[in-house]
Amino acid sequence: MTRKTVLAPALVLAIGSLAACSDDDGARKSAPPSGKGPGQGPAASPDRPSGSALPAPKLGLKSQRPPGGEGTRLAWPTLRTTGVPQGTRLRSSGPITVRKRGAIIDGLKVSTEINVEANDVTIRNTQVVGAGQWAIIQRKGVSGLRVENSEVKGDGRAKVQYGIVNHGGMLTVRKVHVHTVSNGVNTDHGLIEESVIRNLKEFPGDHVTGIQSNSGPAPGLSLVIRRNVVLNPVGQTSAVSIYQDFGRAHDVTVDGNMLAGGGYSLYAGRGRFGKTSNIKVVRNVFSRSLFKKGGYYGPVTRFERSGSGNVWRDNIWEGTGKAVQPS
């Protein structure tokens with residue numbers, strides 16, 4: 001397989017279309033870092049056998065108005081509004097390494113990985129079929145990666161640990177369909193919006209999470225997760241996880257998402273590095289479509305009401321509109 005390297009700035013490739021783990025309520029187990037990026041470790045809870053997963057529900061979601069009269073109804077992304085736009089012609093490519101600032105990858109079907117080593121790179125209208133540790137990675141020391149209107153997935157046979165993993169600065173993920181990977185998006189800062197993350201797949205030793213951060217954002221940055229559908233059919237670990245594996249959790253907004261599955265659908269930040277702050281969890285809808293408790297154990301854990309600037313407001317159950325309260 002040939003590895004492609006992007007050599008020209010603002011180049012359009014138009015040749016056609018972490019987790020070192022802490023003990024958290026039985027749904028995560030300790031493991032040392034792998035040395036190849038975020039750590040890995042055994043993920044199955046003692047009450048939920050490894051490899052036991054449920055089929056993902058159909059995305060027949062109805063918009064829903066949160067309580068409190070705030071704004072308009074939530075409009076969920078769908079498989080029609082995310083991923084590669086219908087009718088886009090994709091051209092095949094081997095692995096790509098991007099080394100020039102401002103490069104644009106557009107209209108490709110990429111095998112194995114896109115390795116981003118430059119600032120301000122855009123990936124759009126592209127399908128990435130990953131294998132190994134990741135499908136897309138932004139490396140340490142670079143920033144500004146945007147992944148838009150794309151599909152990121154595994155083939156169901158070869159392991160893909162992370163759909164998109166960020167070791168660098170700002171990351172934007174918008175209108176992306178991520179599936180058939182162990183972890184959808186791993187980043188401590190950036191913006192993830194209007195995307196669908198579903199059909200997550202467990203391989204031996206995996207933790208399975210839709211969106212995951214492992215410490216607080218870098219200085220001057222924040223993490224915003226809004227208007228996504230995140231469905232984890234595996235009984236561990238989560239749909240969205242805010243962890244304290246490497247540092248204190250702070251400045252994260254989880255707003256207007258549909259969440260279901262995992263051990264808990266949401267890990268909300270409390271951990272060993274100190275009290276969380278500015279963790280805002282608002283207007284989210286928790287679904288029982290995968291497990292009767294939302295997640296295998298429940299909808300949410302590890303939210304600190306006493307943290308400075310922390311907000312829990314207008315989070316409800318799908319269908320009934322009843323309030324979801326953090327444990």
Check your understanding: Can you give the FRET efficiency for Thr88 and Lys322, using 1/(1 + (r/R0)^6), R0 = 45 Å, r = Cβ-Cβ distance, to the nearest 0.05?
Key -> 0.65
Exercise for review: Tell me the label-point distance for the pair Thr97, Arg305, using the 7 Å Cα-to-Cβ offset, in nm and rounded to one decimal.
Suggested key: 5.3 nm
Practice item. Enumerate the amide H contacts of Thr253 below 5 Å, restricted to partners 5 or more residues apart or on another chain; note that Pro and chain-start residues carry no placed amide H. Key: Leu223, Val224, Ile225, Lys280
Practice item. Using Cα pairs closer than 8 Å and at least 6 residues apart in sequence, work out the relative contact order for the range 249-304, in percent. Key: 49 percent
Review point. What pairs in Lys109/Lys292; Lys109/Lys280; Lys175/Lys293; Lys109/Lys175; Lys175/Lys201; Lys153/Lys322 have C-alpha atoms more than 26 Å from each other?
Key: Lys109/Lys292; Lys109/Lys280; Lys175/Lys293; Lys153/Lys322
Revision key, fill the gap. Phi-derived 3J(HN,Hα) across the range 86-99 with the Karplus relation (6.51, -1.76, 1.60, θ = phi - 60°), rounded Hz, x for Gly and Pro, is 4, x, 5, 8, 9, 10, 6, 9, x, x, 10, 10, 9, 10
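Return one whole number: the accessible area per residue of the range 70-193 in Å², for a 1.4 Å probe. Provide the component values of the computation, followed by the final result.
Values: 4520 Å² over 124 residues.
With the other protein chains kept in place, the range 70-193 gives 36 Å² per residue.
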Practice item. Report the FRET efficiency, 1/(1 + (r/R0)^6), for Lys275 and Asp155, where r is their Cβ-Cβ distance and R0 is 51 Å, rounded to 0.05. Key: 0.75
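The values are calculated or read from the model by the stated rules, or taken from the named source; none is laboratory data. Keep in mind that this is a model prediction, so the values were computed, not measured. Note that each Cβ is placed from the backbone with ideal geometry, even for glycine, and that neighbours are counted across all protein chains shown. Areas reflect the complete protein model, heavy atoms only, side chains present, ligands, DNA and RNA absent. Shrake-Rupley method; radii C 1.70, N 1.55, O 1.52, S 1.80 Å.
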